[in-house]
Amino acid sequence: MAVIPVDVAGRPYEVRVEAGLIAELVPNCRGLLRKRVVPIVTDANVHAAWGEVVETALRDHGHEPHWRVLPAGEQTKGWETLSATVEWLLDQGVERGDKIVALGGGVIGDLTGFAAAIMKRGCGFIQLPTSLLAQVDSSVGGKTAINTRAGKNLVGSFHQPALVLADLAVLDTLPERELLAGYAEVVKYGLIADADFFAWCEENGKALLGGGSRAREYAVAHSVAHKARIVAADERETSGLRALLNLGHTFGHALEAETDYSDRLLHGEAVAIGMVLAARYSARRGLMPRASAGRISEHFEAVGMRSELRQLGLDCDGQALADHMLHDKKMDAGTLPFVLMKGVGKAYLDREVAISDVAAFLDEELAG
Ligand code: GLY
């Protein structure tokens, strides 16, 4: 088992990575489940796949799971579900020192984490991430949020979990498209600051996606360790370091907004294309060789992912995509910081990017 410490000041916790952690949930929680009743928030799909395993794992150790099973999908991450979930937790008699369990992907983790953050001004929660994306990104680092009419993740808080159990067994039942989308966030760590890890992905990405357990454990643990270092150094995204984790996200969010956050484009798929665009835009500005940007798109193509804006068949121009970026929550006094690259493994935050120049670049990309 890989155990990765996340050393945030005052609230350190561990991420454990191994196959079979959920089946042995109680010993793996190491005393954090202090009462007989354990409140668990999940979605209908995850409940169908993992509900019984969790139920048995808890009952075998004398616990009684109380389930809140929400509809699967992004629409669950809103005010109504949040308030109903908080009321439910209050009805359950959850106290500050208790731990609410979030069993699911990013939607469930973000919603439950935010509910925990505002319950009695902050109670504990445990993340059991059931997607690759949640394991390597959203379950670690304490960003919790819901979506509002004005956009995604605009209301939330930083609230760290007490523990994250990344059970690699869940990846075996994940639809291939979701696995691939999560893989984009794995590649992201190589592109941000670890050229050797990107080379490892080029070499081993197919094995990982094909089910190789050693490759999976290495990739998840390495990604989490990367994120843990960044979060420990810049928990609240104040120094600019944590902002590097948004590589590809500003472009990606614009693509998600243009496709109405629909199944046409999953978040990780948008991030993959977004990272290619960030690299190409960096190359266009002479910051990095075009060939390095080419390596990134070639890798995504090699594992079966879309890497070109044109492949999305969008009916819009560059300005329309750039307009979506203006609603980004990272907008700061009229400027939008962009994560650009000086090479593979050399991402940096650029605060001088002119949105009009990005729009012109996107026009070129849309035209091919
Ligand atoms: N997913 C970006 C972050 O956690 O900062």
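Determine, from the Cβ-Cβ distance of ASP60 and CYS316 and an R0 of 51 Å, the FRET efficiency 1/(1 + (r/R0)^6), rounded to the nearest 0.05.
About 0.40, to the nearest 0.05.
For a quick protection proxy, order the peptides 264-275, 94-105, 165-176 by their average other-Cβ count within 10 Å, most packed first.
Top to bottom by mean Cβ count within 10 Å: 264-275, 94-105, 165-176.
Under unit Cβ charges (Lys, Arg +1; Asp, Glu -1), what dipole magnitude, rounded to 20 debye, does the chain have relative to its Cα centre?
Approximately 1020 debye in magnitude.
Can you tell me how the stretch 182-303 classifies by the Cα gyration tensor, rounded, prolate or oblate, using a/c under 1.5 as the rounded cut?
Taking the square roots of the gyration eigenvalues as a ≥ b ≥ c, the stretch 182-303 is rounded.
Of all the Cα-Cα pairs you can form in the stretch 16-68, what percent are over 12 Å apart?
Tail fraction, whole percent: 65.
Taking a quarter of the surface of the convex hull around the Cα atoms of the stretch 209-368, what do you get in nm²?
The directionally averaged projection comes out at 9.9 nm².
How large is the Rg to Rh ratio of the chain when both quantities use alpha carbon positions and Rh follows Kirkwood? Write out the running numbers ahead of the final one.
Values: Rg = 20.0 Å, Rh = 20.8 Å.
That ratio is 0.96, to two decimals.
Take the alpha carbon atoms of the stretch 17-31, find their center, do the same for the stretch 268-346, and report the distance between the two centers in whole angstrom.
The two parts, judged by their Cα centres, are 38 Å apart.
With a 10 Å radius around each residue's Cβ, average the other Cβ atoms per peptide and rank 32-45, 133-146, highest first.
133-146, 32-45
Tabulate in residue order the Karplus-calculated ³J(HN,Hα) for the stretch 212-228, using 6.51 cos²θ - 1.76 cosθ + 1.60 with θ = phi - 60°, rounded to whole Hz; enter x for Gly and Pro.
Whole-Hz 3J(HN,Hα) from phi for the stretch 212-228: x, 6, 5, 5, 5, 5, 4, 5, 5, 5, 5, 5, 4, 4, 4, 5, 4.
Scan around VAL38 for amide H atoms under 5 Å from its own, H built in the peptide plane at 1.01 Å from N, and keep only partners 5 or more places away or cross-chain.
Under 5 Å from the amide H of VAL38: GLU64, HIS66.
Of HIS324, ALA232, THR259, which is farthest on the positive side of the dipole of the stretch 228-368, counting Cα position, with +1 on Lys and Arg Cβ, -1 on Asp and Glu Cβ, and the Cα centre as origin?
ALA232
How would you rank 113-121, 52-60, highest first, on the average number of other Cβ atoms within 10 Å across their residues?
Per-residue Cβ counts within 10 Å, averaged per peptide and sorted highest first, yield 113-121, 52-60.
Carbon and sulfur: what percent of the stretch 238-368's accessible surface (1.4 Å probe)?
About 48 percent, which is the carbon plus sulfur part of the accessible surface.
How far, in degrees from 0 to 90, does helix 290-302 lean away from the longest principal axis of the Cα atoms of the chain, to the nearest 10?
Between helix and principal axis, roughly 50 degrees.
Tell me, what % of the accessible area of the stretch 1-117 is carbon and sulfur with a 1.4 angstrom probe?
Ligands and nucleic acids excluded, carbon and sulfur reach 50 percent.
Could you give the dipole magnitude of the stretch 226-315 about its Cα centre, charging the beta-carbon of Lys and Arg +1 and that of Asp and Glu -1, in debye to the nearest 20?
Value, rounded to 20: 500 debye.
Apply the Debye scattering formula to the stretch 3-110, with a single equal point scatterer on each alpha-carbon and no solvent, then give log10 I(q)/I(0) at q = 0.10, 0.11 Å⁻¹.
The Debye formula, applied to the Cα set alone, gives -0.30, -0.37.
Which whole-Hz couplings ³J(HN,Hα) result when phi for each residue of the stretch 246-252 is put into the Karplus expression 6.51 cos²θ - 1.76 cosθ + 1.60, θ = phi - 60°, listed in order with x for Gly and Pro?
Result, ordered by residue: 8, 3, x, 7, 5, 4, x Hz.
List, in the order given, every pair from LYS35/LYS99; LYS99/LYS188; LYS77/LYS143 whose Cα-Cα distance in the structure shown is over 20 Å.
Check vs 20 Å cut-off fails for LYS99/LYS188.
Per residue, how much accessible area does the chain have with a 1.4 Å probe, in Å²?
Each residue of the chain exposes 40 Å² on average to a 1.4 Å probe.
Quick one: how many Å² of HIS61 are accessible to a 1.4 Å probe, rounded to 10?
Number for this one is 100 Å².
The values are calculated or read from the model by the stated rules, or taken from the named source; none is laboratory data. Keep in mind that this is a model prediction, so the values were computed, not measured. Quick reminder, even Gly has a Cβ in these numbers, built from the backbone with ideal geometry, and neighbours come from all protein chains shown. For the accessible areas, the whole protein counts, side chains as well, though only heavy atoms, and no ligand, DNA or RNA atoms are used. Shrake-Rupley method; radii C 1.70, N 1.55, O 1.52, S 1.80 Å.
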